[in-house]
Amino acid sequence: MLKALIFDVDGTLADTERDGHRVAFNQAFAAEGLPIVWDEALYGDLLFVTGGKERLTYFFTHTRPDLRPPGDLLPIVQRLHALKTKIYGQLLGAGAIPLRPGVLRLVREARAEGLRLAIATTTTPENLEPIWKAMGPDARSWFQSVAAGDCVPAKKPSPDVYEYVLAELGLTADECLAFEDSENGLRAARGAGLKTIVTVTDYTKAQNLTDALLVVDHLGEPDRPLTRRSGVPFTSPYVDVRALRALSEMRGRE
């Protein structure tokens, strides 16, 4: 029986990568006087590294070591990431990055139907504050487990963050559904045994998502129907709790 929904954040609750995190990284580079600009193509390539600090470290050690600032890399990365996080919060708090279609509708319906809610993300806890604000007053209290940032040592595609959430909820994988937007996120959720619905973005739509239960462009609204891309048959114009209960009972992709 379906008892809980577990959501990734970046790209899943809001399409934050291209017009949020990327922009904030670039503004942080400029503020620090660094001659670095992550264009959309480069940032798409860097997204295979999960975690902002890890992405910065990879860029300076593998992608463009010639642009690495002098000195110990760890404090440089920490400073840049802290500045980027502040800028990102300002962008999202100003309404620059709205929630994805169907997210708020589904979260509200799930609460009304007695389903528990949780977050499993590699983003820092500070980046969740604008998400709560976008959802409404007391939104943080809607989620019984919030696993973010460095709460587990290994980030996605490791399943650690999902296993952490399942333990906090006291539920088994077959009592939950996961929502992701990327191949790395899907691998993490599936590694924990979770059936997973993927809502793709421009960055992730070409990735290998064959192990997802259902792949759609977004969760849909009554006036903005979703498009099914792959996975099990699905004819509803939007994902609701009734559909999720049926999807959770399907065999396969377990």
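Pull up segment 202-227, narrow it to residues that are under 19 Å from LYS156 (Cβ atoms) and surrounded by 21 or more Cβ atoms within 10 Å (Cβ to Cβ), then point me to the one that is modelled with the lowest pLDDT.
Among residues in segment 202-227 that are under 19 Å from LYS156 (Cβ atoms) and surrounded by 21 or more Cβ atoms within 10 Å (Cβ to Cβ), the one modelled with the lowest pLDDT is THR204.
Taken together, the residues in segment 42-97 that are of a type in the set (Val, Ile, Thr), over 21 Å from GLY185 (Cα atoms), modelled with pLDDT of 95 or more and out of contact with any Pro (no Cβ under 7 Å at 6 or more places or on another chain) amount to 3.
In segment 5-44, which residues are under 19 Å from LEU73 (Cβ atoms) and part of a loop (DSSP other than H, G, I, E, B)? Once the filter is applied, which keeps residues that are under 19 Å from LEU73 (Cβ atoms) and part of a loop (DSSP other than H, G, I, E, B), segment 5-44 yields GLU32, GLY33, LEU34, PRO35, ILE36, TRP38.
Does ALA154 satisfy the condition of being out of contact with any helix residue (DSSP H, G or I) (no Cβ under 9 Å at 6 or more places or on another chain) and without any contact (Cβ under 8 Å) to a residue 12 or more places away in the chain? No. If you take the residues of segment 45-92 that are among the small types (Gly, Ala, Ser) and not in a helix (DSSP H, G or I), which of them is surrounded by the fewest Cβ atoms within 10 Å (Cβ to Cβ)? My answer is GLY71. Among the residues of segment 177-186, is there at least one that is touching a residue at least 24 places away in the same chain (Cβ under 8 Å) and either surrounded by fewer than 19 Cβ atoms within 10 Å (Cβ to Cβ) or among the β-branched types (Val, Ile, Thr) (or both)? Scanning segment 177-186, I find no residue that is touching a residue at least 24 places away in the same chain (Cβ under 8 Å) and either surrounded by fewer than 19 Cβ atoms within 10 Å (Cβ to Cβ) or among the β-branched types (Val, Ile, Thr) (or both), so the answer is no. Across segment 124-149, the qualifying residues are those that are touching a residue at least 24 places away in the same chain (Cβ under 8 Å) and among the acidic types (Asp, Glu), and the one among them that is nearest to THR50 (Cα to Cα) is GLU126.
Applying a threshold of 7 Å to beta carbon distances and a minimum spacing of six or more residues, or different chains, the list of pairs starting in segment 62-73 at a residue that is under 21 Å from ASP45 (Cβ atoms) and ending at one that is among the hydroxyl-bearing types (Ser, Thr, Tyr) reads LEU73/THR57.
Counting only residues that are surrounded by 19 or more Cβ atoms within 10 Å (Cβ to Cβ) and not small (Gly, Ala, Ser), how many does segment 100-115 have?
Adding up the residues that qualify gives 6.
The values are calculated or read from the model by the stated rules, or taken from the named source; none is laboratory data. Remember, it's a predicted structure, so these values are computed and weren't measured experimentally. All Cβ positions, glycine included, derive from the backbone under ideal geometry; neighbour counts span all protein chains shown.
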